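The values are calculated or read from the model by the stated rules, or taken from the named source; none is laboratory data. Here the structure is a predicted model, which is why all the values come from computation and not from measurement. Neighbour counts are summed over all protein chains in view; Cβ atoms, including those assigned to glycine, are modelled from backbone coordinates with ideal geometry. Remember, those area values only see protein heavy atoms, side chains included, never the ligands or the DNA or RNA. Shrake-Rupley method; radii C 1.70, N 1.55, O 1.52, S 1.80 Å.
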Amino acid sequence: MEINWLLFLPALLLVFYPLDNWLHGHHVRLRDYERLREDRLDAPDAWWRQPWFWVDPLRAFAGSWLLRNAWVIEPPLPGLWRHLPLLATVVVLALAVGVQMHTRRDDGVLFAPVGYTAGIVFGLMPPEVAILVVVLAGACLMAFRGWGAFFFCGSAAAGIFGYLILKVDVWMAATVLLLIEPLLLSLLVRRQLRLPISRGELVVRKLGTS
């Protein structure tokens, strides 16, 4: 087995670049789903105007796709060794998801990597399955009004739709594990999942008195 370093190194850079770096030096509000719905969509700091909203899914998709295809096995390995690329990819992506969730802005909070995990779904699964998984996860998010619902329902959808369309597939199993990871981590460390909304730098002007 060999590693295609031209794919592997860019993949690591894409998947591990932490979300908090996008917000460094900015004033940030940590939002649950209900509070996010109350924010005005036409505001300068609306969620759809955040850089990570567009970049996170794209870089997660590109990074996971590159990582999945960075392993060269020739000739095919026997037995369990043939699953070594899968295991290595899952370990790397699991660590990367944890990095995206970490923040020092609040001791009781973890970032909810919604767009990031959606990108991973498209990177690891066929598009016809990935679309169904993300759409159902988004519908559950709006129905149950909590970030945890996205990960729980997305993981269940990946298992159900993956089995119905792909039958027994190792990459489907990997996607199920990676989607449920944010919810399990938040429960394990007893921290709430929140979405960070950057308000930009606040300019404070001090007016002197005459």
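With every protein chain present, what is the per residue accessible area of the range 2-198 (1.4 Å probe, Å²)?
Working: 10480 Å² over 197 residues.
The answer is 53 Å² per residue.
When N is the residue count of the chain, what does its C-alpha Rg come to as a fraction of 2.2 N^0.38 Å?
Working: Rg = 19.1 Å, N = 210, 2.2 N^0.38 = 16.8 Å.
The chain yields a ratio of 1.14.
Can you give the calculated 222 nm mean residue ellipticity of the chain, where each DSSP H run of n ≥ 4 adds -39,500 (n - 2.57) and the sum is split over every residue, rounded to the nearest 500 deg cm²/dmol?
Values: 8 runs with 123 residues, N = 210.
Taken over the chain, the calculation gives -19500 deg cm²/dmol.
In a Gaussian network model over the chain where Cα atoms closer than 10 Å are linked, find which of VAL28, VAL133, VAL15 has the largest mean-square fluctuation.
Fluctuation is largest for VAL28.
Work out how far the C-alpha atoms of the range 91-210 reach from end to end along every principal axis, then list the three figures in whole Å, largest first.
77, 25, 25
Put PHE161, PHE144, PHE152, PHE122 in order of accessible area, largest first, 1.4 Å probe: what do you get?
Working: PHE161 55, PHE144 145, PHE152 120, PHE122 75 Å².
Descending order: PHE144, PHE152, PHE122, PHE161.
Roughly what % antiparallel, to the nearest 5, for the DSSP beta bridges in the range 2-198? Don't skip to the answer; put the middle values down first.
On the way: 6 of 9 bridges.
Of all bridge pairs located within the range 2-198, approximately 65 percent are antiparallel.
Determine the dipole magnitude for the range 2-198: charges of +1 sit on the beta-carbon of Lys and Arg, -1 on that of Asp and Glu, nothing else is charged, the reference point is the Cα centre, and the result goes in debye to the nearest 20.
Details: 16 positive and 15 negative charges, 61 e Å.
Dipole about the Cα centre, nearest 20: 300 debye.
Restricting to Cα pairs below 8 Å that are 6+ residues apart, what does the relative contact order work out to for the chain? Please round to a whole percent. Before the final figure, lay out each step's value.
On the way: 289 pairs, mean separation 64.0, N = 210.
Result for the chain is 30 percent.
In the chain, with Lys and Arg counted as +1 and Asp and Glu as -1 at Cβ, which of these residues, LEU58, ALA11, ASN21, has the Cα nearest the positive end of the dipole, that is, farthest along it?
Farthest towards the positive pole: ASN21.
Using a Gaussian network for the chain with springs between C-alpha atoms less than 10 Å apart, which of these wobbles most: ASP20, ASP56, ASP45?
The residue that fluctuates most here is ASP45.
Give the angle, between 0 and 90 degrees and rounded to the nearest 10, that separates the Cα long axis of helix 5-16 from the longest principal axis of the Cα atoms of the chain.
40
Any idea what angle helix 114-124 forms with the longest principal axis of the chain, computed on alpha-carbon atoms, 0 to 90 degrees, nearest 10?
20
Using a Gaussian network model of the chain whose springs link C-alpha atoms within less than 10 Å, name the residue from PRO85, PRO127, PRO113 with the highest mean-square fluctuation.
PRO127
Over the chain, with every protein chain in place, what whole percent of the accessible area is carbon and sulfur at 1.4 Å, could you tell me? Before the final figure, lay out the partial values.
Numbers: 7990 of 12070 Å².
Carbon-and-sulfur percentage of accessible area, whole number: 66.
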